[in-house]
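Everything on this sheet refers to the single structure shown next.
The values are calculated or read from the model by the stated rules, or taken from the named source; none is laboratory data. Computed from a prediction, not measured in an experiment: that's the story for all the values here. We place every Cβ from the backbone using ideal geometry, glycine too, and count neighbours over all the protein chains shown. Only protein heavy atoms, including side chains, enter the accessible area calculation; ligands, DNA and RNA are left aside. Shrake-Rupley method; radii C 1.70, N 1.55, O 1.52, S 1.80 Å.
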Amino acid sequence: MISRRAFLASVGGLVCVAVARPARTLPPIALARHEAFMRLAIAEGRKNPMWPFGAVMVQPESGEVMARGVNDSQADPILHGEIVCMQDYVRRHGNRGWASLVLYTTAEPCPMCMSALVWAGIPQIEIKAKAVVDASPFYKGMLLGGVLQAETDRLFMDRRKTP
């Protein structure tokens with residue numbers, strides 16, 4: 001079994017989950033469920049072979065996918081996978097209910113995306129994204145890295161290098 005420290009120190013895909021500070025313990029979501037949801041984020045990422053940043057938001061109790069997104073920064077520089085996923089969520093559900101969601105993303109969010117996630121209150125995430133979280137005392141999320149790391153890393157190693 002991989003330790004929590006190994007999860008947090010790894011580079012691969014990232015999972016954002018709701019927890020209260022200072023406990024810093026993961027909610028009871030089985031690793032197999034994390035992997036199933038991360039595979040959905042990977043499928044989103046594969047829709048952009050050059051920039052495979054994909055994300056999904058799920059309701060952990062029901063397993064319902066609430067939103068999806070993939071990087072579309074060719075159209076708009078701020079349309080990273082996490083931002084597109086957040087916009088999809090708002091279109092479908094309004095700007096509420098963030099704290100009950102779990103975000104799965106194929107790579108560590110950039111500072112812009114991490115900040116957007118923190119401000120929305122999506123429980124999750126580590127410039128390393130951890131720096132944004134640590135600088136936000138009102139934020140109550142935590143980071144879980146390394147879920148399907150080999151697969152998420154492969155997305156970027158195998159990405160198409162030219163349009």
Reported set for the range 47-75 where residues are farther than 13 Å from Ala107 by Cβ and open to solvent by 50 Å² or more (accessible area, probe 1.4 Å) is Lys47, Pro49, Glu61, Ser62, Glu64, Arg68, Asp72, Gln74, Ala75
Of Arg68, Arg46, the only residue that is of a type in the set (Lys, Arg) and closer than 23 Å to Ile29 by Cβ is Arg68
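Please go through the range 120-131 and give me each residue that is open to solvent by 20 Å² or more (accessible area, probe 1.4 Å) and either at pLDDT 75 or above or among the hydrophobic types (A, V, I, L, M, F, W, C) (or both), ordered by number. Please lay out each step first, then the result.
Taking the range 120-131 first, the residues open to solvent by 20 Å² or more (accessible area, probe 1.4 Å) are 120-121, 126-128, 130-131.
Across the range 120-131, the qualifying residues are Ala120, Gly121, Ile127, Ala131.
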Counting only residues that are open to solvent by less than 40 Å² (accessible area, probe 1.4 Å), closer than 24 Å to Pro49 by Cα and at pLDDT 95 or above, the range 76-119 contains a total of 9
